[in-house]
Ligand code: FEO
């Protein structure tokens, strides 16, 4: 990908990773991009780098605009290695004594990633840096996504370089919101649900703070995916909605199955939920990815987990999704558990314990059916679904 000018003297110089499909456990079915931005002013500034293995390609993109040795300052908005992996190689190319601007926590974290090798310069929240015609402002955004995260804001063109926030794991030449279709919102939502959901309260505070500051934002340049230049408010408003975790009249029935018995229950439960006018979907864990399940969970009012009992405990794939979901701290959910069993049947109670530990409100103690559900067992599962559907309606 060549450098693309996004405002006078400001270029996108990052790279597309077309082939990545697993981003440490998150399914990236469309690939991703590691965005970096070059500002050519009296001082030449590079904002963020890329994954280590893509660094030479980023340097080639920069070289299509300017000799990389002319870069005076590097800004590290975020330490995670999809954005800092190329730092040492970049500094080696442009001059190792040149400064790397970062937040207070960025200084600590970059020092621990690249001990003694970078000329780090801490910037304070709100600090300004004049680079010629432009002035950049640094905004600390701790935990969006790491303690070191910060935004850089260009006052002249009102561009927010937002690091992970407002990003999407999406690979494409479209590059801008006005060139890509509505499909991008699914990828933005998936990114939020799997990376930022647990920091939702901080996001709401940050958006309030930015509103109070009267910061006008015409363009948002995240570190992954497309740039929001036509309608940046669309993604900001979506972040407010997702952060509030306001649910739809919707339930998901997440399960795994050994001999189709728990599957048969899941489908009858989903049908019972839908009979109450509530959107319902059975999701087989081994036919889905945990990150897609989490995306579906974001706006579901009820989450129903099903597992057979295997070796006196929960099926391992179900335990995986429960552990993953717990870490992301979804709020305001109703929940229930079910499963088929052979002789001991501990899974349902164990799942209930996990759901309670996530602060979910348990609708029903749970449904267990021994071995294979017959017609009356499937009726029981349908009725269990009806109870869940009614609880969703009552809660809306
Ligand atoms: Fe894209 Fe938190 O790194």
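The values are calculated or read from the model by the stated rules, or taken from the named source; none is laboratory data. None of these values were measured; they are calculated from a predicted model. Cβ: placed from backbone, ideal geometry, glycine included. Neighbour counts: every protein chain shown.
What tally of residues in segment 276-292 results from selecting those that are touching a strand residue (DSSP E or B) at 6+ places or on another chain (Cβ under 6 Å) and either touching a residue at least 40 places away in the same chain (Cβ under 8 Å) or outside the structural domain of residue 335 (by TED's automatic domain parsing) (or both)? Before the answer, list the steps.
Restricting attention to segment 276-292, the residues satisfying the condition of being touching a strand residue (DSSP E or B) at 6+ places or on another chain (Cβ under 6 Å) are 278-283, 289, 291.
Now drop any that are not either touching a residue at least 40 places away in the same chain (Cβ under 8 Å) or outside the structural domain of residue 335 (by TED's automatic domain parsing) (or both), which leaves 278, 280, 289, 291.
So the answer is 4.
I'm checking my understanding of the structure. Among residues of segment 194-205 that are in contact with a helix residue (DSSP H, G or I) (Cβ under 9 Å, 6 or more places away or on another chain) and away from the ligand (no atom under 15 Å from the Cβ), which one is farthest from residue 36 (Cα to Cα)? That would be 201.
For the condition more than 30 Å from residue 292 (Cα to Cα), away from the ligand (no atom under 13 Å from the Cβ) and surrounded by fewer than 20 Cβ atoms within 10 Å (Cβ to Cβ), what is the one hit in 27, 93? Lay out the reasoning, then the answer.
Working: 27 fails: more than 30 Å from residue 292 (Cα to Cα).
None of the others qualify; the one that does is 93.
So which pairs qualify, if the first residue must be in segment 319-334 and free of Cβ contacts under 8 Å to residues at least 40 places away in the same chain and assigned by TED's automatic domain parsing to the domain that holds residue 280, the second must be buried (at least 17 other Cβ atoms within 10 Å of the Cβ) and assigned to a helix (DSSP H, G or I), the Cβ gap must be under 6 Å, and the two must be at least 6 apart or on different chains? Between residues of segment 319-334 that are free of Cβ contacts under 8 Å to residues at least 40 places away in the same chain and assigned by TED's automatic domain parsing to the domain that holds residue 280 and residues that are buried (at least 17 other Cβ atoms within 10 Å of the Cβ) and assigned to a helix (DSSP H, G or I), the close pairs are 322/354.
For residue 244, state whether it is in contact (Cβ under 8 Å) with a residue 12 or more places away in the chain, within 20 Å of the chain's Cα centre (by Cα), closer than 30 Å to residue 82 by Cα and surrounded by fewer than 21 Cβ atoms within 10 Å (Cβ to Cβ). Spell out the reasoning first.
Numbers: in contact (Cβ under 8 Å) with a residue 12 or more places away in the chain: yes; within 20 Å of the chain's Cα centre (by Cα): yes; closer than 30 Å to residue 82 by Cα: yes; surrounded by fewer than 21 Cβ atoms within 10 Å (Cβ to Cβ): yes.
For residue 244, the condition - in contact (Cβ under 8 Å) with a residue 12 or more places away in the chain, within 20 Å of the chain's Cα centre (by Cα), closer than 30 Å to residue 82 by Cα and surrounded by fewer than 21 Cβ atoms within 10 Å (Cβ to Cβ) - is met.
Could you list, in sequence order, all residues of segment 346-367 that are within 21 Å of residue 259 (Cα to Cα) and crowded, with 18+ Cβ neighbours inside 10 Å? Can you show your working first?
Quick first cut of segment 346-367, residues within 21 Å of residue 259 (Cα to Cα) only: 346-351, 366-367.
Within segment 346-367, 347, 348, 350, 351, 366, 367 qualify.
If only one of 134, 142 is modelled with pLDDT under 95 and surrounded by 15 or more Cβ atoms within 10 Å (Cβ to Cβ), which one is it? Talk me through it step by step, then tell me what you get.
Values: 134 fails: modelled with pLDDT under 95.
So the residue among 134, 142 that is modelled with pLDDT under 95 and surrounded by 15 or more Cβ atoms within 10 Å (Cβ to Cβ) is 142.
Only one entry of 74, 123, 50 meets the criterion of being within 16 Å of the ligand (Cβ to nearest atom), within 15 Å of residue 161 (Cβ to Cβ), at pLDDT 95 or above and in the same structural domain as residue 225 (by TED's automatic domain parsing), and that entry is 50.
Consider residue 69 carefully, then state whether it is surrounded by fewer than 24 Cβ atoms within 10 Å (Cβ to Cβ) and within 16 Å of the ligand (Cβ to nearest atom). Break it down into steps so the answer makes sense when it comes.
Numbers: surrounded by fewer than 24 Cβ atoms within 10 Å (Cβ to Cβ): yes; within 16 Å of the ligand (Cβ to nearest atom): no.
Against the criterion (surrounded by fewer than 24 Cβ atoms within 10 Å (Cβ to Cβ) and within 16 Å of the ligand (Cβ to nearest atom)), residue 69 does not qualify.
Any residue at all in segment 309-317 that is in a helix (DSSP H, G or I), modelled with pLDDT of 95 or more and within 25 Å of residue 184 (Cα to Cα)?
Initially, segment 309-317 is screened for residues in a helix (DSSP H, G or I), giving 316-317.
Still in the running and modelled with pLDDT of 95 or more: 316-317.
Then drop every residue that is not within 25 Å of residue 184 (Cα to Cα), which leaves none.
Scanning segment 309-317, I find no residue that is in a helix (DSSP H, G or I), modelled with pLDDT of 95 or more and within 25 Å of residue 184 (Cα to Cα), so the answer is no.
In segment 155-174, which residues are within 17 Å of residue 232 (Cβ to Cβ) and in contact with a strand residue (DSSP E or B) (Cβ under 6 Å, 6 or more places away or on another chain)? Write out each step before concluding.
Initial filter on segment 155-174 (within 17 Å of residue 232 (Cβ to Cβ)): 155-168, 170, 174.
Result: 155, 157, 159, 160, 161, 162, 166, 167.
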